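The values are calculated or read from the model by the stated rules, or taken from the named source; none is laboratory data. Source: prediction; values computed, not measured. Here the Cβ positions follow ideal geometry from the backbone for every residue, glycine too, while neighbour counts run over all protein chains shown.
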């Protein structure tokens with residue numbers, strides 16, 4: 001279980017550049033929180049990088065993330081990782097309990113929302129994404145309407161952080177890989 005193996009597996013199953021970038025953003029945010037909490041950065045990063053690797057081929061709630069988790073189990077990934085991936089899908093029947101599981105839930109929707117905010121800025125850059133701009137767009141229900149605002153708010157709660165701090169953390173994490181994200 002290392003980053004290179006996770007990258008290879010993810011790119012074998014995911015051809016969409018946008019979905020790959022989403023998983024890279026989740027990986028960066030998970031690594032950020034692993035450092036914040038004194039946890040295993042490699043493990044948390046792998047969880048972020050693989051959490052949606054089956055989504056492109058298996059997008060229905062009946063299949064995602066179950067197909068991916070089965071693939072990971074067959075490859076010998078530990079239960080700690082497969083459970084975190086299951087827990088990020090609120091319909092899986094697995095409730096987030098560990099810090100890693102809660103962090104994945106907390107960053108999943110937010111990373112996508114931050115990308116949408118950055119793309120609306122004049123230079124389409126994460127450098128222009130601010131906590132204030134994210135909060136303002138969250139209030140606009142017509143903006144990125146498929147993003148569940150309550151999941152973003154609940155994620156900050158699960159981490160025990162004010163929403164503004166959580167948003168700032170994820171923006172900071174994503175800025176560290178802005179070139180890879182094309183932002």
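Confirm whether residue 95 is under 18 Å from residue 159 (Cα atoms), in a loop (DSSP other than H, G, I, E, B) and touching a helix residue (DSSP H, G or I) at 6+ places or on another chain (Cβ under 7 Å). Against the criterion (under 18 Å from residue 159 (Cα atoms), in a loop (DSSP other than H, G, I, E, B) and touching a helix residue (DSSP H, G or I) at 6+ places or on another chain (Cβ under 7 Å)), residue 95 qualifies. Checked against (1) modelled with pLDDT under 95; (2) closer than 23 Å to residue 163 by Cβ, residue 48 passes all but condition (1).
Among the candidates 72, 86, 110, the residue that is farther than 24 Å from residue 157 by Cα and in a helix (DSSP H, G or I) is uniquely 72. In the condition set (1) surrounded by fewer than 20 Cβ atoms within 10 Å (Cβ to Cβ); (2) part of a helix (DSSP H, G or I); (3) touching a helix residue (DSSP H, G or I) at 6+ places or on another chain (Cβ under 9 Å), residue 119 is compliant with all but (3).
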